[in-house]
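What follows is a set of notes on a single structure, which appears directly below.
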Amino acid sequence: MLGNIQLAGASLVVGPAGSGKTTHLRNRYLDLVRANEKGNLFLVHSRRAARALSQDILLELGTSTDQVRVTTWHSYGLSLLRNYYRRLGYRREPGLLTGPEQFTLVREMLDDPTEQKHWSAFPKQTRLAGFVEELREFVLRAQDALKSPEQLEDLARQAGRPDLEEAARFFRRYLTTLDARDDAVVDHANVIARAWQLLNESQDVADEVRAETKHLLVDDYQDVSPAQHELLRALFVTGGSVTATVNPDARIYGFRGSLPDAGAAFAKAFPGTQTIELSSSHRGTPETKAWQFDHLTEEADAIARECHRLRAREGIGWGDIAIIVRRYGPASRAIRGALDREGVPFVVVGENRPLAMEPVLIPLVELARAALRPAEREDRLPKLLASPVCELDPYEVRALRREAHIRGASLAAMIDAPAGELPEKIVAQLHRLRALIDDIADRNMRERPDQVFWFLWESLDYLRQAVADEDEDALDAVTAFAQAIERFSDRRPGKQFDDYLDVLEGVEFGPEPWHMPDERRPGAVRLLTAHNAAGTEHEAVIVAGCVEGEFPDPRDKRAMLDLRDLLAPASPFDRQMNRLAEERRLFNVATSRARRHMLLTCARESSQREPQVPSSFLHHLGLEWGTAPARPEPLTRDEAEATWRRTMRDASIADAERRDALDHIARLPGVDTQTWWYEHEWTDPGTPLVAEDLRTSYSRLSSYDNCALQYLYQVELGLDPDTSHQMLVGTWVHDIVDRCARGEIAGTEEALLAALDELWDPTVFESVAIEHRRKLDCREMLRRWLATDGNLETLASEVAFEFSIDGAVMRGRIDRVVRFAGSMVRLIDYKTGRNAKTDDEAAEDLQLASYYLALTRVPELAKLGKPKILQLAYLGAMPKSGGFMRAQVDPTKDPEFGEKAQARLEGFVHGIRAERFAPSAGADCKWCRFKTLCPVWPEGDEVPL
Ligand code: SF4
């Protein structure tokens with residue numbers, strides 16, 4: 001002991017998230033430095049944690065960096081290998097293989113013809129990327145477990161697993177290849193295993209290293225691998241100290257083979273371990289709420305809005321807000337889109353971003369592809385010409401294309417010989433591009449890939465401009481590109497820039513990834529995965545995508561070559577239980593990061609083929625799923641103005657509140673109440689706007705139901721005449737279904753699909769990909785319709801009707817009426833969209849209400865039978881279990897169904913006749929295209945009629 005500092009022995013600090021374990025280690029580190037103790041080493045799992053702790057300790061000490069040794073396990077292991085590389089037989093300091101490089105190495109080994117004879121258990125699989133990936137994982141996990149190939153081979157033999165025996169023998173060949181490579185490389189797991197080997201096999205090295213590791217501090221011991229555990233034992237100096245923190249409830253890397261009970265292993269490895277229990281959380285209890293939504297887009301929008309609210313109302317800076325997802329995927333993409341739209345600055349932490357997709361690199365890569373792949377040049381030129389490489393504007397590109405067309409030449413030919421009559425700027429750019437292309441092609445043949453890159457860096461003005469503009473995102477991406485291509489040039493001698501383009505595109509393993517350095521963006525919301533969130537702390541946390549399948553993800557992704565079958569065999573049931581326990585711990589990690597506010601969100605995606613189920617883990621927090629506030633508080637000036645305008649419009653709100661709203665608006669700077677046209681009387685054009693013999697339909701009245709002003713614009717003024725390909729596809733499917741129901745098309749799959757081919761017009765789609773997808777969807781819709789509804793007894797199909805509502809003509813067309821039972825009938829309306837309504841919503845549906853009136857009032861329809869079921873059938877919402885989703889109502893259960901339907905329609909007709917077209921205070925404005933013409937929105941302006 002020195003003062004209060006324990007200088008020898010082992011301590012284990014045990015506690016839940018937020019109990020101050022890391023702070024305990026940090027304080028101990030500071031005490032040791034202040035006590036002039038040497039040989040302090042602080043090991044953590046992530047670079048982010050190492051960076052944060054180093055900065056914190058440096059700030060506290062106010063001293064130079066060489067006194068602070070906070071590092072990751074892998075950085076430390078690599079530094080040992082580089083210091084003592086000769087002792088391990090390397091000719092030079094070993095390089096660390098990235099994931100893609102290791103994948104390539106394994107694949108190249110398997111591609112060797114001599115390798116085939118070793119794989120009798122997998123005669124065909126060795127060329128598959130999935131098998132390469134499994135083998136890559138196998139050798140990593142074997143090294144993490146610190147098992148030799150011979151040990152694994154024995155275990156596999158005893159277990160009667162010849163396939164794993166072959167994998168174990170490959171492991172031996174893999175290690176030999178790593179060692180034999182001229183340029184000396186190690187993979188991530190090899191770093192730790194080799195460091196451990198170094199200390200065990202060379203006593204003098206071990207003595208030298210241990211002189212620098214007198215005091216060991218290790219955070220998050222629950223996540224160490226057996227190899228890291230053994231390395232720690234090897235670093236421990238008799239008479240020195242070792243302190244580790246552990247939270248058994250945060251063990252989230254079991255799937256990678258972390259120690260099952262790290263605390264017990266630590267105590268066993270260091271006899272006499274003193275345990276320090278920290279029980280309370282210093283983070284306090286955050287205010288927590290949980291919202292569920294129907295759709296992912298709604299969830300994402302609400303998250304972006306919550307970020308604004310936290311900042312505006314709670315005073316929490318962007319950098320103190322974290323959004324945690326299970327993994328990067330559809331949910332995180334939707335959230336990123338919403339954050340972008342809503343102007344929330346954010347950074348994605350630890351994401352593998354494809355380097356080739358970085359905006360600043362796209363022109364550079366396009367130029368290289370155009371230069372080195374002449375066959376692709378013509379396709380790439382339009383984009384390249386309009387990019388910062390050539391800086392032609394769209395009109396100039398069009399002029400060039402027109403000229404090429406007149407001359408009957410390709411764009412590539414225009415670059416070779418620009419026409420003299422083109423504007424000077426275009427000719428100059430074409431000459432410059434030609435010279436660049438020649439230069440790149442030439443250098444590609446004789447220079448290393450990184451030298452070609454530096455040539456591009458010097459030649460392209462827009463890259464220099466990025467430096468001048470101090471565009472951080474762009475410069476980070478360019479730096480990552482430079483590092484990656486330099487590493488590629490070092491590791492793959494003889495390869496060209498063109499070969500590196502393959503790596504960028506992910507031909508071998510996946511696109512070349514890079515991590516944006518999130519620490520450089522402190523003023524941005526953090527978007528991160530639950531695994532990345534371990535060890536972090538934030539003022540406010542939003543845990544998004546809390547649905548079954550994500551939290552928890554119960555799938556036990558077992559591999560063919562699963563090392564656990566040898567090292568920890570378990571029954572399928574036990575494996576599943578272990579998996580669920582780990583998922584629960586991961587959820588705990590995600591939900592224990594917040595200091596003040598926590599929001600959990602999920603989207604049921606009720607209209608999708610497979611609706612999502614909100615996570616049952618919520619109950620562990622003692623919470624129930626609720627909904628977001630229907631009328632959220634305004635957060636910006638524009639929102640406040642819009643809200644006040646709506647309040648003013650809403651006759652159901654108390655007069656005093658409406659006057660207050662008026663008062664607020666009138667006092668807003670820049671607002672001219674004289675321009676609010678709806679405050680004036682309607683201009684009387686002298687003739688009625690609505691025709692005397694009003695002819696309408698349910699869809700028109702639905703528009704009026706949502707908002708009378710929207711109806712005016714859309715229906716009476718015809719301002720929204722768009723036809724989308726979705727509508728056309730719907731028409732085609734309806735047509736085929738109708739003809740089949742009438743017997744005009746045979747009720748066979750072949751006949752329906754042939755009819756679809758006949759109607760199909762590929763030119764109405766924006767892209768080939770969309771056309772392809774929609775056609776597959778349509779084929780599947782028709783197949784399912786045939787299987788489920790094809791044989792129903794049809795009483796009427798595509799039958800038009802008209803009836804009167806208070807003097808107005810109500811028109812429509814019923815898709816199908818089929819026999820229900822006896823004299824009862826079922827009405828079916830087919831939809832090709834995916835957003836299915838619920839039965840409750842069907843009971844309120846205006847279309848079904850009007851069809852009911854038609855079935856009971858139009859004599860030809862009434863004689864078909866009494867309506868028993870009114871049904872909406874969503875051909876586009878196809879659950880995996882088969883069929884399609886339906887929503888329905890039974891009108892016989894409500895004796896007043898018809899009267900209510902009649903009253904609703906009459907109300908709308910009266911409103912239209914009276915030309916009541918004020919915007920509705922309760923309208924769903926989300927998809928309305930008339931906001932710029934709408935007085936309840938700040939951007940709305942007067943419409944000259
Ligand atoms: S924006 Fe809303 S209130 Fe205005 S016209 Fe559209 S639906 Fe009606």
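The values are calculated or read from the model by the stated rules, or taken from the named source; none is laboratory data. Please read these numbers as outputs of a predicted model, since none were measured by experiment. Here the Cβ is made from the backbone with ideal geometry for all residues, glycine too, and neighbour counts use every protein chain on show. We work out accessible area using only protein heavy atoms, side chains counted, and drop any ligands, DNA or RNA first. Shrake-Rupley method; radii C 1.70, N 1.55, O 1.52, S 1.80 Å.
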Could you tally the net charge around ALA370, taking each other residue with its Cβ under 10 Å from the Cβ of ALA370, Lys/Arg +1 and Asp/Glu -1? +1
Greater than 31 Å separation of Cα atoms is the criterion. Which listed pairs, LYS831/LYS893; LYS900/LYS926; LYS775/LYS866; LYS117/LYS495; LYS495/LYS775; LYS775/LYS926, meet it? LYS775/LYS866; LYS495/LYS775
What's the carbon and sulfur percent of the stretch 29-166's accessible surface, probe 1.4 angstrom, rounded to a whole number? 49
Compactness summary of the chain: radius of gyration and Dmax from Cα atoms, Å, are 34.4, 105
Once the Cα atoms of helix 449-459 and of the chain are each reduced to a long axis, what angle between those two axes, in degrees from 0 to 90 to the nearest 10, is obtained? 60
Amide H to amide H under 5 Å from MET824: which residues, 5+ apart in sequence or cross-chain, H placed 1.01 Å off N in plane? LYS866
Could you give P(r) for the stretch 96-182, binned at 5 Å from zero, as whole percent values over all Cα-Cα pairs? 3, 14, 26, 28, 19, 9, 1, 0
Relative to the longest principal Cα axis of the chain, at what angle does helix 846-857 sit, 0 to 90 degrees, rounded to 10? 30
So the carbon and sulfur contribution to the accessible area of the stretch 725-909, 1.4 Å probe, in percent, is 50
Which whole-number percentage describes the relative contact order of the chain, with Cα contacts under 8 Å and a sequence gap of 6 or more? 12
To test your reading of the geometry: what angle, between 0 and 90 degrees and rounded to tens, separates the Cα axis of helix 362-372 from the longest principal axis of the chain? 80
Translational diffusion coefficient, Stokes-Einstein: compute it for the stretch 725-909 using the Kirkwood radius over C-alpha pairs as Rh, at 37 °C and 0.692 mPa s, and state it as an integer in µm² s⁻¹. 189
For the stretch 117-150 and the stretch 911-938, compute the distance between their C-alpha centroids and round to whole Å. 64
Could you sort TYR328, TYR395 by their accessible area in this structure, using a 1.4 Å probe and putting the largest first? TYR395, TYR328
Mind running the shape call on the stretch 823-918? Use the C-alpha gyration tensor, a ≥ b ≥ c as the square roots of the eigenvalues: rounded below 1.5 for a/c, prolate if a/b tops b/c, oblate otherwise. oblate
Label-point separation (nm) for ARG373 and ARG667, each offset 7 Å from Cα along Cα-to-Cβ? 6.3
Cβ crowding within 10 Å averaged over residues, with 661-671, 226-236 ranked highest first: 226-236, 661-671
Would you mind working out the accessible area per residue for the stretch 725-909, using a 1.4 Å probe, and quoting it in Å²? 46
Distance between the stretch 188-230 and the stretch 155-178 - C-alpha centres, whole angstrom: 26
Between the stretch 515-579 and the stretch 744-806, what is the C-alpha centre distance in whole Å? 43
How much of the accessible area of the stretch 204-322, probe 1.4 Å, is carbon plus sulfur, in whole percent? 47
